[in-house]
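Note sheet for the following structure.
Read-outs: derived from the displayed coordinates by stated rules, not from any lab. Keep in mind that this is a model prediction, so the values were computed, not measured. When we count neighbours, we look across all protein chains shown, and the Cβ atoms used for this are built from the backbone with ideal geometry, even at glycine.
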Amino acid sequence: MSNIKLGVEVISAQGLFQRDKHSSCSPFVELKFDNQKFRTTTKPNDPNPVWHECFYFVVSDPSVLSNSTLEAHVYSYQNEFDANPFLGKVRVNGTSFVPHSEAAPFNYPLEKRSLFSRARGELGLKVFITDDPSMTPSVPTPVPESPQAYRSSPRKEPVKSIITGDASMAADERIELKPKTRTFRNVAPLVKQQPMMNYGIHEMRAGPTPPRVVQVNSSGPGPSLHQLPQDFSVKETSPFLGGGRIVGGRVVRGTQRPASGTYDLVEEMRFLYVRVVKARDLPNRDLTGSLDPYVEVKVGNFKGVTTHFDKNSDPEWNQVFAFARDNLQSNFLEVVVKDKDIVLDDFVGIVKFDLNEVRSRAPPDSPLAPEWYRLENKRGEKKNYEIMLAVWEGTQADEAFGDAIFSDSLVSSDSSNIISANLRSKVYHSPRLWYLKVKIIEAQDVIIVSDKSRHPEAFVRIKIGNQMLRTKVSQKGIHPKWGDEFTFVVAEPFEEPMVISVEDHAAPNKDEPVGKAVIHLADIEKCTDDRAHGPHHGRWVHLEDSISDALDADKARKVKFATRLHYRAVLDGGYHVFDESMYYSSDLRPSAKQLWKPAIGVLELGILNANVFHSMKTRDGKGTADTYVVAKYGHKWVRTRTVINSIYPKYNEQYTWEVFDPATVLTICVFDNAHFAAGNSGNNRDQPIGKVRIRMSTLQTGHIYTHAYPLLVLQPSGLKKRGELHLAVKFTCTSVSSMLLKYTKPLLPRLHYIQPLPENHQEMLRGEALKIVVSRLGRSEPPLRREVVEYMADSRSHLFSMRRSKANFNRFTKVFSGVISVWKWMEQVCTWRTPVTTALVHVLYTMLVVFPEMILPTVFLYMAVIGLWNYRFKPRFPPHMDSKLSHAESVNADELDEEFDTFPTMRAPDIVKMRYDRLRSVAGKVQSVAGDIAAQGERVQALLSWRDPRATAIFVTFCFLIAMVLYITPFKLVALLSGYYFMRHPKFRYRIPSAPFNFFRRLPAMSDSML
């Protein structure tokens, strides 16, 4: 049994449905969790009750806590014998349970129990997890379920109890015909256990045959697609994976079943694993009587070396080496213990293994137990010193895969200088980001000690980490007021405090500090929506002379006369903090975990292999590459192992994510590793090789997408294809109804629409959030470096680029090309270029005018037919980087140089002048178009503004006459005549503009009033 408890504080309810005879209700709340049930007190005749009662449920199995559900049913008490009317219910999923320190009150909307039930209003709850033994209450008195037990009582303190429900109570029991006795008992303190949190599964598995290209992606017959260059297209493949051959997105299983059960999106790779644990009783070799041991593991030409220990006869290494079975050139494994020396390393002992005798192991078998082996000297004699080893054959599904040092990561005979964590595969979790809103209200007794007669011009500076903002300078006085609001980005765990300093603007370039205050972010209240329980009252804080004094708790408790600052701060968890562009964001959930909805599916990604066409560095006179792959979705980042010295690397690693929204994007990038000693050419930045983005909404459920994606990189020298990345992607939907319902929900959390952030602030906050993510991931081991995170998040997408501007303009024209095509077709109808078509349009127009109720059904039927017709041309693969759409094929060198320039620019003045003049010419054209559009709108306003009295008089008279005619003429007749006149034959048309057009063009605009 566990000591973990689920705490639920029932706070209040609002706007409940009034069900009794007096148009009121007497509500109470019934909580159900893990076969336990408890009930609050009854609030008679109160549709907006307030309880503030707290209950604690025993969590019997913490490992399934995330799959559990807390139910809160609201009823209205009637009497002892009648059924209690149902007012609504709330279901809180286990994935939103958070620790007590992170919990915040939240208003849950009441849901209906069935289609015919009625419910309205909200229920305020605070749900949290705790293991504090002090929260275990004493044994309460048994309470009968009588009317008196649930009427209002004078008790004001929260009720804290651990309840064990009677096993005979049904889970959905509501109607109670006679009083029952509820059983209470205490739970003895048990061993503390932490709940198991499932963040995703790192999975792998496979089959040995290389992929076969079965179809090359080209332009389909659909009207919206365009021809792509052959080298820049996505190729569909049919590889042998762990579950069988993939053909058309389906698995065709062979006669041989896979060895491991769940790794079905990668090719199986077999490895020889050697775990070197420790040694004992090693002899001394040096003249000083000491030993500096290390171990060499050799199979043919491959050799792995452990770290060495100084003066240690009983070393412990616990390192694992993995040798690819397909590349082994020997049938024997040699494990040699040596003594590290300055000139020549001394031989200590050796153990040999015949690889034909090595045992195989596959999960879920337990790890192989290591054994002691006696070392042999060069003559083959057994000695009394031993080494502990474990040797087995396995796949990438083995638990040791993540910590192993691979043979394709060893590039020299002495590999100890490059064996580092920079080469291993790892899973990362980016920090949970929050918006911190701070409002500086006022200050009191702001006195300048050096000159008490002078009234200060005070302002406040707020600093959190590298973020610093300041208020405006107040008017002179010792009680300044500001009322300025600021928003910061902070990350859990809250490490950096908030430092508030009041300063005096003594001179134009001189600011003197008045006092400082330090506020720890963990002490600031958390909020989940705009109606959080309890108003966010401002706080007064005393200012100290220095930060060290402000951090001194003893000084803070002393009551003394000092400058005070009134501020208001709240951690707002109802927003989603963007660290990447919204158009290809991988997560749209709010910061507060209790607002997260259950997952709608599971995404599985198999990273198979890559082909690098252009070598990234030179080693031993040959071009080569040291590549690894990084994938990001949501808070989870994954990094494959680095494959050294290969332009055809094979990774075969599989990863899994939970999907919460179909409008999110998976990002995969390939990098060349430049952070290890061997082969380092002096470039300390990992170079990008290419990027792949896959949107979840473009994936069919249960379909396995196996494609080779081109790795395209835009450089100052132009667009280059550096290689191909072979992936296997599968999206499995766990709840079809939830996924379809997502399409009707807002894209962003609720607060983004109720209290939207200013547009100019959003980009600034996104930059600060990205800096925090870069800093946190850079502190991991191995680190995800700045250049990797910034390239994955596309941090430069907001900067100006002539190429992107042209691409976006082409996208704009393409979107409205359909409207332009319809207008051109209508011109052909009006000019009677095809008389049959024009006649049919006349007939259709006449039918729609005579039967106007057929207009909307006809339009929607037409759109449905078009959608069904285009189903034949639907894409067979996820969309990829489009070089033509990006305008990357025809861009010139100067525009690329401008795009890759830093901000602010570092180019020569003459180049900057040329680019500025070019930008002015483009902006001039945009300015002219904006002026023309504004002029047309001003002419419309001039119709009734009497700016031109004669024109307005003509228009008013015309409108009066038309109104009289339309009053006596049937509308259908007017519509028919207007349509026939618009589609009249060219013989009845004139080349000069019509009278209404001439009249409109003569109306005055405001252009003549501009300077």
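In this model, which of K691/K806; K636/K814; K278/K426; K617/K806; K691/K925; K37/K636 are farther than 28 Å apart at the alpha-carbon?
Checking Cα-Cα distances, K636/K814; K617/K806; K691/K925; K37/K636 exceed 28 Å.
How many percent of Cα pairs in region 935-985 exceed 17 Å?
Taking all Cα-Cα pairs of region 935-985, the fraction more than 17 Å apart is 55 percent.
At each listed q (0.10, 0.16, 0.17 Å⁻¹), what is the log10 of I(q)/I(0) that the Debye formula gives for region 9-126 modelled as equal alpha-carbon point scatterers?
-0.30, -0.75, -0.84
Please work out the FRET efficiency for the pair N45 and K439, using the Cβ-Cβ distance as r and a Förster radius of 41 Å; give the result to the nearest 0.05.
In this case the efficiency is close to 0.60.
Dipole magnitude of region 624-678 about its Cα centre, charges +1 at Lys/Arg Cβ and -1 at Asp/Glu Cβ only, in debye to the nearest 20?
Dipole about the Cα centre, nearest 20: 100 debye.
Take K278 and T905, extend 7 Å from each Cα along the Cα→Cβ direction, and tell me the distance between the two endpoints in nm.
6.5 nm
Where in region 727-813 are there chymotrypsin sites (Phe, Trp or Tyr not before Pro) that are in a DSSP coil and have at most 16 other Cβ atoms within 10 angstrom of their Cβ?
Hits after loop and neighbour filter: Y743, F800.
Separation of region 422-446 and region 337-395 by C-alpha centroid, Å?
Taking the Cα centre of region 337-395 as reference, the centre of region 422-446 is 50 Å away.
Suppose R0 equals 56 Å. What FRET efficiency, 1/(1 + (r/R0)^6) with r the Cβ-Cβ distance, do R984 and D354 give to the nearest 0.05?
The calculated FRET efficiency here is 0.05.
Once phi is turned into ³J(HN,Hα) by the Karplus curve 6.51 cos²θ - 1.76 cosθ + 1.60 with θ = phi - 60°, what whole-Hz value does each residue of region 480-492 show in order, with x for glycine and proline?
x, 10, 10, x, 8, 10, 9, 10, 10, 10, 10, 10, 7
Only four residue types carry charge here, +1 at the Cβ of Lys and Arg and -1 at the Cβ of Asp and Glu. Report the dipole size of region 1-78 about the Cα centre in Debye, rounded to the nearest 20.
Using only the charged Cβ atoms, the result is roughly 200 debye.
In percent, what relative contact order does region 704-776 have, based on Cα pairs under 8 Å that are 6 or more apart in sequence? Write down the numbers at each step before the final one.
Values: 44 pairs, mean separation 15.7, N = 73.
After rounding, I find 21 percent.
Taking the dipole about the Cα centre of region 563-647, with the C-beta of Lys and Arg at +1 and of Asp and Glu at -1, give me whichever of A625, F613, G573 is farthest to the positive side.
G573
Using modelled backbone amide H atoms (1.01 Å from N, in-plane), which distant-in-sequence or interchain residues come within less than 5 Å of I689's amide H?
Residues meeting the amide H criterion: V670, F671, D672.
Rounded to whole Å, give me the distance from the Cα center of region 693-718 to that of region 447-526.
What the calculation gives is 48 Å, centre to centre.
Skipping prolines and chain starts, which residues have an amide H placed within reach, meaning under 5 Å, of the one on T395, given they are 5 or more residues away or on another chain?
Excluding prolines and chain starts, which carry no amide H, the hits are F271.
Pairs of Cα atoms under 8 Å, at least six residues apart: use those to get the relative contact order of region 634-744, whole percent. It would help to have the intermediate numbers written out before the result.
Numbers: 142 pairs, mean separation 22.0, N = 111.
Relative contact order of region 634-744: 20 percent.
Per the Kirkwood treatment, what hydrodynamic radius in Å, one decimal, follows for region 671-761 from the mean inverse distance over all distinct Cα pairs?
For region 671-761, inverting the mean 1/r across all distinct Cα pairs yields 17.9 Å.
Please list, by residue number, everything in region 983-999 whose backbone N is under 19 Å from a paramagnetic label point 7 Å out along Cα→Cβ of T831.
983-994
Report the Cα centroid-to-centroid distance between region 8-66 and region 658-672 in angstrom, as an integer.
Region 8-66 and region 658-672 have Cα centres spaced 40 Å from each other.
List, in order, the whole-Hz ³J(HN,Hα) value for each residue of region 510-523 obtained from phi through the Karplus relation with A = 6.51, B = -1.76, C = 1.60 and θ = phi - 60°; use x for Gly and Pro.
9, 10, 9, x, 9, x, 10, 9, 10, 10, 7, 5, 5, 8
For R39, what residues show an amide H to amide H distance below 5 Å, using hydrogens built from the backbone and excluding near sequence neighbours?
L31
Explain nothing, just compute: Karplus ³J(HN,Hα) = 6.51 cos²θ - 1.76 cosθ + 1.60, θ = phi - 60°, for every residue of region 726-738 in order, whole Hz, x for Gly and Pro.
Result, ordered by residue: 9, 10, 10, 10, 9, 10, 10, 8, 8, 8, 5, 5, 5 Hz.
Between R947 and I968, take the C-beta separation as r, use R0 = 41 Å, and let me know the FRET efficiency to the nearest 0.05. Walk me through the numbers before you get to the answer.
On the way: r = 33 Å, r/R0 = 0.80.
Result of the calculation: an efficiency of 0.80.
Relative contact order for region 268-413: what percent, with Cα pairs under 8 Å and sequence separation of 6 or more? If you can, show how the numbers build up before the last one.
Details: 336 pairs, mean separation 47.0, N = 146.
Dividing the mean separation by the residue count of region 268-413 yields 32 percent.
Among H842, V922, M906, which residue has its Cα positioned farthest towards the positive end of the charge dipole of region 841-962, with +1 placed on the Cβ of Lys and Arg, -1 on the Cβ of Asp and Glu, and the dipole taken about the Cα centre?
Going by the Cα projections, it comes out as H842.
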